[in-house]
Amino acid sequence: MSTPSTNPNDALKRPTEDPSDRIATEMDCPESYQSLHQGEIASSLDHTKTARFGTTTDAFWGGVRDGRGAPAMVLFAGMVGFGAMGRTNGFDVWFTTATSFLMFALPGQIVMLEMILLGASSLTIAVATSLTATRFVTMTATLFPMLHVRDRNKALYAKVHLLAMTAWAVSLKEFATIEPKYRLSYFCGLGLLCWLISIPGTVVGFLIAGSVPMPITLGLIFINPLFFLLTFTEIKVSGYRLAILLGSIAGPICYLMDRDTSLLTAGLIGGTLAYWIDRKWIRRYDHVKRGGV
């Protein structure tokens, strides 16, 4: 008669599974783990067992469909404002449009134009635009772990050019409903549309410059950050919402202290405080609420 094994390591052994067959879990979707209760987590997993997409091609065109509404139109409006800004400041249509094609980063494009007008050196311009692009580090770091293991390869160096504020916010929200193996294809469809729409948007803005009042032109540029903010508030992680709140409070204060560095300082202070509060209290509270020790 055989006796049950008393080796504690036996309890840790689990049958292996094909990674391509995995469905979205809490580790794949970090935005779900804080705010969902056990029942909600179970229903979410049951939902993802019914694949939203059947193939990578379906996922790609799904991203295109999701992007052709508000995300693309908001980005188009922002680029219209930038194109008008380029012509108003004496740049030609080729240079202005090339920045949208090659950089695809509206804050960096604006900073570059302003510094060229100020007569800054090439090195200074490169450093300044690079600082505006530091946000892409955290954006990439949050999306990369959510991709399927097979998609984490050198090809991402080319695909990361499609990463922008709009595509990132939408992807972060939608990835929770998409199986990991289809997420990169979805992102590529969404990001490619947003990138391509930025080029005609810049040209249109350049052509209509002068016929649109400057306050409206500048307002078009800020539509994109506003859309990002509204989209980001739909993500369920409490720390993200807290970062927006603390950044909004720190922004005006930092502006009064030093307007040239206020945006960078407010983001650093708000984000750091939100991360610290989230790690020290919010996550611990959620863990205890779920019955953890």
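The values are calculated or read from the model by the stated rules, or taken from the named source; none is laboratory data. On a predicted model such as this, the values are computed, not experimentally measured, just so you know. Cβ sites come from the backbone with ideal geometry, for glycine too, and all protein chains shown count toward neighbours. The area values use the complete protein model at the heavy-atom level, side chains included, leaving out ligands, DNA and RNA. Shrake-Rupley method; radii C 1.70, N 1.55, O 1.52, S 1.80 Å.
Odds and ends about this structure:
- Candidate set: the range 91-110, residues that are in contact (Cβ under 8 Å) with a residue 12 or more places away in the chain and farther than 15 Å from Met165 by Cβ; chosen: the one surrounded by the fewest Cβ atoms within 10 Å (Cβ to Cβ): Phe101
- Boolean, Phe187 is within 14 Å of the chain's Cα centre (by Cα) and not β-branched (Val, Ile, Thr): yes
- Close contacts from the range 127-149, counting a first residue that is touching a residue at least 60 places away in the same chain (Cβ under 8 Å) and a second that is surrounded by 12 or more Cβ atoms within 10 Å (Cβ to Cβ), with Cβ to Cβ under 6 Å and a gap of 6+ residues or different chains, come to Met146/Asp28; Met146/Phe175; His148/Pro180; His148/Lys181.
- Counted residues, the range 155-200 - those being part of a loop (DSSP other than H, G, I, E, B) and either at pLDDT 90 or above or surrounded by 19 or more Cβ atoms within 10 Å (Cβ to Cβ) (or both): 4
- Where a residue in the range 196-208 is within 19 Å of Thr166 (Cβ to Cβ) and its partner, wherever it lies, is open to solvent by less than 30 Å² (accessible area, probe 1.4 Å) and aromatic (Phe, Trp, Tyr), with Cβ under 7 Å and at least six apart: Ser198/Phe104; Thr202/Phe82; Gly205/Phe82
- Within the range 111-138, the set of residues being surrounded by 15 or more Cβ atoms within 10 Å (Cβ to Cβ), of a type in the set (S, T, N, Q) and at pLDDT 85 or above comprises just one member, Thr129.
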